[in-house]
Structures are given as C-alpha cells and as structure tokens.
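*Asks:* If you scroll down you'll find the structure; I have some questions about it.
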Amino acid sequence: MNIGDPVELPVDGVLDLHAFSPKDVKDLVPEYIEECLRRGILDLRIIHGKGTGTIKGIVHRLLEKNPHVAGFKDAGLGGGGWGATEVRLKR
C-alpha cells in the first residue's frame with residue numbers, strides 16, 4: 001500500500017472521521033450514506049470528534065442538504081455525546 005492509495009472503509013453504519021481532513025469529509029460523508037443505503041443500513045453514527053467543531057459543522061451542513069437524511073442529532077453519552085452524530089436515513 002502506498003501513500004495516496006484508496007483506503008477501504010468498513011460499511012457498518014459507523015463512520016469515524018478522525019483520520020480524515022475536512023476537505024475529504026465533503027465527499028466521504030455523502031458517499032458513505034449512499035453505500036449504507038445500498039446495503040440497507042438506515043441508522044448511522046458519524047464520529048467527528050469534539051475538537052473545534054469544524055468537522056461537526058461540515059457534517060451537519062452535509063446532512064441538512066442530503067435528501068436521504070430523515071433526521072440527525074448529537075449522539076447520546078454512550079455513543080460519543082457531542083463528538084458524534086446519530087443519523088436516520090429514509091427508506
């Protein structure tokens with residue numbers, strides 16, 4: 001594996017964005033949503049971290065615009081609190 005090679009992500013409804021830059025998130029989140037829909041996964045958790053809130057803001061703007069998203073909210077304490085977002089997709 002070389003630098004710049006694509007990384008295969010598991011598609012299990014949990015997307016951890018810690019290893020990605022904000023510019024990567026803009027394409028990654030919509031692509032991940034599409035793949036979850038193809039696999040019948042409707043409940044997602046996107047882990048963006050707490051940090052400065054930049055990635056969380058990007059994620060929330062992407063979710064607001066995405067026609068497949070039925071709703072989203074900060075994860076509960078057991079799911080990462082405000083460092084993660086729970087997403088429900090439309091059937």
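*Asks:* Does residue 10 meet the test of being loosely packed, with under 12 Cβ neighbours inside 10 Å, within 13 Å of the chain's Cα centre (by Cα) and part of a loop (DSSP other than H, G, I, E, B)?
*Replies:* Values: loosely packed, with under 12 Cβ neighbours inside 10 Å: yes; within 13 Å of the chain's Cα centre (by Cα): yes; part of a loop (DSSP other than H, G, I, E, B): yes.
Yes.
Results for (1) at pLDDT 95 or above; (2) among the hydrophobic types (A, V, I, L, M, F, W, C); (3) on the phi > 0 side of the Ramachandran plot, shown as yes or no for each residue.
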position: 28; (1), (2), (3): yes, yes, no
position: 32; (1), (2), (3): yes, no, no
position: 38; (1), (2), (3): yes, no, no
position: 41; (1), (2), (3): yes, yes, no
position: 67; (1), (2), (3): yes, no, no
position: 82; (1), (2), (3): no, yes, no
position: 87; (1), (2), (3): yes, yes, no
position: 90; (1), (2), (3): yes, no, no
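*Asks:* When you check residue 91 against the structure, is it more than 12 Å from the chain's Cα centre (by Cα) and not in a helix (DSSP H, G or I), yes or no?
*Replies:* Details: more than 12 Å from the chain's Cα centre (by Cα): yes; not in a helix (DSSP H, G or I): yes.
The answer is yes for residue 91.
*Asks:* Has region 67-87 got at least one residue that is among the β-branched types (Val, Ile, Thr) and outside any strand (DSSP E or B)? Walk me through it before giving the result.
*Replies:* To start, the set of residues in region 67-87 that are among the β-branched types (Val, Ile, Thr) comprises 69, 85, 87.
Imposing the further condition that a residue be outside any strand (DSSP E or B) reduces the set to none.
Within region 67-87, none of the residues are among the β-branched types (Val, Ile, Thr) and outside any strand (DSSP E or B).
*Asks:* Still on this structure, I have one more. How many residues does region 38-60 contain that are over 20 Å from residue 81 (Cβ atoms) and surrounded by fewer than 15 Cβ atoms within 10 Å (Cβ to Cβ)? Can you show your working first?
*Replies:* Kept after step one, since they are over 20 Å from residue 81 (Cβ atoms), are these residues of region 38-60: 38-42.
The next check asks that each one be surrounded by fewer than 15 Cβ atoms within 10 Å (Cβ to Cβ); those that pass are 38-40.
The qualifying residues number 3.
*Asks:* Same structure again: Please verify whether residue 59 is at pLDDT below 95, outside any strand (DSSP E or B), under 12 Å from the mean Cα position of the chain (by Cα) and not polar (S, T, N, Q), treating the condition exactly as stated. First the steps, then the outcome.
*Replies:* Values: at pLDDT below 95: no; outside any strand (DSSP E or B): yes; under 12 Å from the mean Cα position of the chain (by Cα): yes; not polar (S, T, N, Q): yes.
Judged against the criteria, residue 59 is not a match.
The values are calculated or read from the model by the stated rules, or taken from the named source; none is laboratory data. Because the structure is a prediction, the values reported are computed rather than measured. FYI the Cβ positions are ideal-geometry reconstructions off the backbone, even for glycines, and counts take in every protein chain you see.
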